[in-house]
Protein chains: 2
Amino acid sequence: MVAQGADGGEAKNGSPIVIVSNRGPVTFSRDDSGTRTYSRGAGGLVTALNAVSRRQDEAVWIASATSDEDARVAGESREEPYEVEDLRVALVEHDEGAYDLMYNTLANPLLWFVQHGLYDLPYAPSLGDDTRRAWEEGYLPVNENFAGAVERVLESSSRGGGEPIILVHDYQLYMVPHFLRERLGDAPFVSLFVHIPWPDPEGWRVLPRYVREGVLRSLLRADVVAFHTDRYARNFVRTAREVLGVETDEEGGVVRYEGREVWARAYPISIDPGEFEELAESDAVLEQESSVRDLPGKLLLRIDRMDLSKNVLRGFQAYGRMLERHPEMKEEVTFLAGLQPSRGDIPEYAAYADAIQKAVEEVNDKHGTGEWQPVVLSMEDNFPRSVAAYKAYDVLLVNAVRDGMNLVAKEAAVVNEENGVLVLSENAGAQEELGEFAISVNPFDLDEGADAIHAALTMPEEEKKRRAEALKRQVRENTIEKWVEAQLKDIAAYREHHG
Amino acid sequence: MVAQGADGGEAKNGSPIVIVSNRGPVTFSRDDSGTRTYSRGAGGLVTALNAVSRRQDEAVWIASATSDEDARVAGESREEPYEVEDLRVALVEHDEGAYDLMYNTLANPLLWFVQHGLYDLPYAPSLGDDTRRAWEEGYLPVNENFAGAVERVLESSSRGGGEPIILVHDYQLYMVPHFLRERLGDAPFVSLFVHIPWPDPEGWRVLPRYVREGVLRSLLRADVVAFHTDRYARNFVRTAREVLGVETDEEGGVVRYEGREVWARAYPISIDPGEFEELAESDAVLEQESSVRDLPGKLLLRIDRMDLSKNVLRGFQAYGRMLERHPEMKEEVTFLAGLQPSRGDIPEYAAYADAIQKAVEEVNDKHGTGEWQPVVLSMEDNFPRSVAAYKAYDVLLVNAVRDGMNLVAKEAAVVNEENGVLVLSENAGAQEELGEFAISVNPFDLDEGADAIHAALTMPEEEKKRRAEALKRQVRENTIEKWVEAQLKDIAAYREHHG
């Protein structure tokens, strides 16, 4: 299965597909006997890209080597992709120092913070030569390394197919299109998919000039720059115009750059509903269910990585206000917050984790009774328990400051058994698809959050049912296959359009 | 002198002009003998509006009463504007509690912070019912009060003139256009001039929905919404489209709203160069000059209100880095920072003042010698000393996070006697006019700041002269009269266009 015509008809030629992402679909290791083993990765992006990979037998997936055994596979896969199950992978080994600079200085926190709007601008960031070094000695060489791997894969792949389709993913790899064009010219189709929010021009301008302009110029050497929402795509087009002064057609999602036309498009990422329905019935999840269902009262749930963008603090504060306004809700609800630890070595994240614990104590001290603990905080990575909670929640709180998509909202909706109500931030990417079936909130407004939680907890059963079913339908209908198809369709249309 | 035709020709009719701003041109008091006295206000906006007021004998200026004697004048001026020197003023007395909510909760900090991008979004703001109360019981009634005063002034003014021109100013009065239309209908010309940055849609969305949409809908009931730069005007048009979904023409600066056409326009505010040239020769300034000129080495200067938007901290940090990189500059330069205390009762500002003092100590401890103090910090309001420093600086640092215009850059350029170099933030409004003659910096990049300061301090004399003269010329040519004329011309064009 390869790129199809815009009408969804027969494929025109067998263009080889190459997927490029920092994190890959498998990690290799050795067992006690010294035999190579591997584990398939999980997570939203990997699930989605698996669906791309399944479209074509010959698809090759290029990713960073992250273990010693990965590094060995990287060496072996320089000539020929390594086959494992249904996948063909080529791993890229990076210089450790360069990778660290790319990942821990440039991508996280800088790009992550800028794209989620997390900086306290009067105080941070303090950019400078460290940033430039991370760019020049980390981000650029790692990205070039990826481009080199793509070139090798294409050289080793069977001739006779059409021009390759190269699908590059996310904010660690913004400079890959630049290096690809340097090596391969204009012929291959290149897209870069941005899985986090794209900010407004004012936000993007926080970056030092070489990053600000360098990233944009690289992205504009792709044919399609893809996002989860139309809002991000529009922000991107504006950013290109304001920062580079290039000609754009915002409504049409087009940027003209160096004589070429670049499309900015939205493809809201989805999940594999079947995967979650299966999981929901797995022993691991069933074992966890009583621990979730035995919590007193209705279940208010949040499941998040512990990230500054997730707005965890205001979630507890809004809940506290709800209990103040509606003391009759005491003992009638428990707020279960499952927060996977994340980036604890970054001082901002450590401080945030402390602030969260304090906020939880405050609510529990103020409103708790001998029998009843208003908030149950779980700061461990317990995925089966999360899925058990997905099944059982009455209200799911997703109140992110900003969030590329938020897949929890989709995963949880699919397996929930209680006609649970979604309280959803205006600034989560999921808003564009799910907003009309959720209670939308301004994530900065505590009282609006409190009112939304209360409205959700007390919503009439019929209304809950109507919304919950619409959510499920929406997620089930926008399958991950459709996500892939929409992209392949646009690739065909782009090629047709540009002859 | 009244509104002219688009060709700058004769005025068509004697449309009465009404200026509306929170702070007025005079404050009244009583001297010891109980006689009413007054003092003329200073400051950029007042200077600019004086120039508007001078255009027409009949112009009336409406402002808030801010003293007991103002309140008496407010009572007296309900029937007929109060005449003082060349001005006709009508003061508005507000309920004290309402004014406090408008000013200290809604306008500052909320609108100020949002429009300058100063919030640490993972933690602040925490909006809620307090915000709603400040809006409903403060901002709205104070703004309605202003609209009532406009109506009274128009009723008392001589008939026979054309439709009135009502020029409303700044972020304290965003709802005035709404209340004016409610009272006076569509006939009067109404503009609202925003003197602070207008953010991108993502920034504006931080506001609670009733403010976010309420302010936009009110501004779109004006005929012209005016800004200092094209960038702010574009941001405004985008914000209207993204938040309200209205039809816009961004290039043309047009928003279509409820069957009407609203223009978004930029008129970069200026200063009265003559006023500063005179000031520069005044005794008060001459007395201060030695205290400034006796500082050792070249003079690096900043003059700012102590505001989180001014980026004072990074200024000292960048200077410290410059001294580290160029130890030969030690004792060759003194950084004089004149920071007028401001909003010290807001905790964020008190914390910022502390951080500034620490940053200064750090630089002085690290680099100072027995003879030489690298930074001289002056946290008092000493305007004559500031002007003396304007005359004497070698380098002026304006590195704001964001700044509506920054008039210091203009005032100082006009009177400077040393061919001083301007280091100017990309995010200061002055960048659009003065950027090409300045060294522009990304305010978040410490090393870029350090390099800019060093380049400015060591710039060849001829280059300095060329730039300094261009700066002076630019400021002198874009007079405050031109600022007024451009607006009046657009008013005439707007009226012609809309029949």
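Of the options B:Leu219, B:Pro273, B:Ile165, report the single residue whose Cα projects farthest towards the positive end of the charge dipole of chain B (beta-carbon charges: Lys, Arg +1; Asp, Glu -1).
The residue sitting farthest along the positive end of the dipole is B:Leu219.
If you take each beta carbon of peptide B:446-453 and count the beta carbons of other chains within 10 angstrom, what is the mean?
4
Would you mind checking segment B:96-116 for residues with the amide N under 14 Å from a putative spin-label position 7 Å along Cα→C-beta of B:Ala71?
The answer is B:96-100, whose backbone nitrogens lie closer than 14 Å to the label point.
Placing the label point 7 Å from Cα along the Cα-to-Cβ direction, what are the distances from B:Glu79 to the equivalent spots in the other copies, shortest first, in nm to one decimal?
Its label point is 10.4 nm from the equivalent points in the other copies.
Under the 0.36 nm per residue contour assumption, what length would be gained going from the current alpha-carbon distance of B:Asp95 and B:Glu247 to full extension?
50.9 nm
Between copies, how close do the A:Gly368 label points come, placed 7 Å along Cα→Cβ, listed in nm from shortest?
Its label point is 4.9 nm from the equivalent points in the other copies.
So what's the back-of-envelope 222 nm ellipticity for chain B, counting only DSSP H runs of four-plus at -39500 (n - 2.57) apiece and dividing by all residues, rounded to 500?
Counting only the DSSP helices, I get -13000 deg cm²/dmol.
Per residue, what volume in Å³ does the convex hull of the Cα atoms of the protein assembly as shown enclose?
Considering the Cα atoms of the protein assembly as shown, their hull volume per residue is 206 Å³.
Indicate, rounded to the nearest 5 percent, the antiparallel portion of the DSSP beta bridges found entirely in chain B.
25 percent
With +1 on the Cβ of every Lys and Arg and -1 on the Cβ of every Asp and Glu, and nothing else charged, how large is the dipole of chain A about its Cα centre, in debye rounded to the nearest 20?
Dipole about the Cα centre, nearest 20: 960 debye.
Which one, A:Ala351, A:Ser290, A:Leu377, projects farthest toward the positive side of the charge dipole computed for segment A:273-477 from Cβ point charges (K/R +1, D/E -1)?
Final value for the positive-end residue is A:Ala351.
Calculate the FRET efficiency for A:Arg183 and B:Arg23 from the Cβ-Cβ distance with a Förster distance of 41 Å, rounded to the nearest 0.05.
Calculated value: 0.10.
Determine the dipole magnitude for the protein assembly as shown: charges of +1 sit on the beta-carbon of Lys and Arg, -1 on that of Asp and Glu, nothing else is charged, the reference point is the Cα centre, and the result goes in debye to the nearest 20.
I would put it at about 1340 debye.
What residues qualify as long-range amide H neighbours of A:Leu396, i.e. H under 5 Å apart, gap of 5 or more or another chain, H built at 1.01 Å from N?
Correct list: A:Leu301, A:Val421, A:Leu422, A:Val423.
Give me the distance between the Cα centres of segment B:419-487 and segment A:110-128, rounded to whole Å.
26 Å
Hey, quick one: spin label on B:Glu332, modelled 7 Å out along Cα-Cβ, who in segment B:448-466 has an amide N within reach, i.e. under 15 Å?
B:451-461
At B:Glu417 and A:Arg132, where each label point lies 7 Å from the Cα along Cα→Cβ, what is the point-to-point distance in nanometres?
If labels sit at B:Glu417 and A:Arg132, their model points lie 3.7 nm apart.
Placing unit charges on C-beta atoms (Lys and Arg positive, Asp and Glu negative, everything else neutral), compute the dipole magnitude of segment B:273-477 about its Cα centre in debye, rounded to 20.
Using Cβ point charges on Lys, Arg, Asp and Glu, segment B:273-477 gives about 280 debye.
What is the gain in length, in nm to one decimal, between B:Glu469 and B:Phe383 on full extension, counting 0.36 nm per residue of separation less the C-alpha to C-alpha distance?
Full-extension gain reported as 28.5 nm.
Specify the inter-centroid distance of segment B:59-85 and segment B:333-392, based on alpha-carbon positions, in whole Å.
Between the Cα centre of segment B:59-85 and that of segment B:333-392, the gap is 38 Å.
Using 0.36 nm per residue of separation minus the Cα-Cα distance, give me the extension gain between B:His498 and B:Arg256 in nm, one decimal.
85.8 nm
Let's test the formula: R0 of 35 Å, r as the Cβ-Cβ distance of B:Tyr123 and B:Glu432. What FRET efficiency results, to the nearest 0.05?
0.60
From the C-alpha coordinates alone, can you work out the Kirkwood hydrodynamic radius of segment B:437-499, in Å?
It is 15.0 Å.
For B:Thr369, project a label point 7 Å along Cα to C-beta. Then give me every residue of segment B:308-338 with its amide nitrogen under 11 Å of that point.
In segment B:308-338, the label zone of B:Thr369 (backbone N under 11 Å from the point 7 Å along Cα→Cβ) covers B:328-333.
Please report, for A:Gly97, the nm distances (one decimal) from its label point, 7 Å out from Cα along the beta-carbon direction, to the equivalent points in the remaining copies, shortest first.
6.6
The numbers here are math on the coordinates, done by the rules we state, and not lab data. Here the structure is a predicted model, which means the values were calculated and not measured. Quick reminder, even Gly has a Cβ in these numbers, built from the backbone with ideal geometry, and neighbours come from all protein chains shown.
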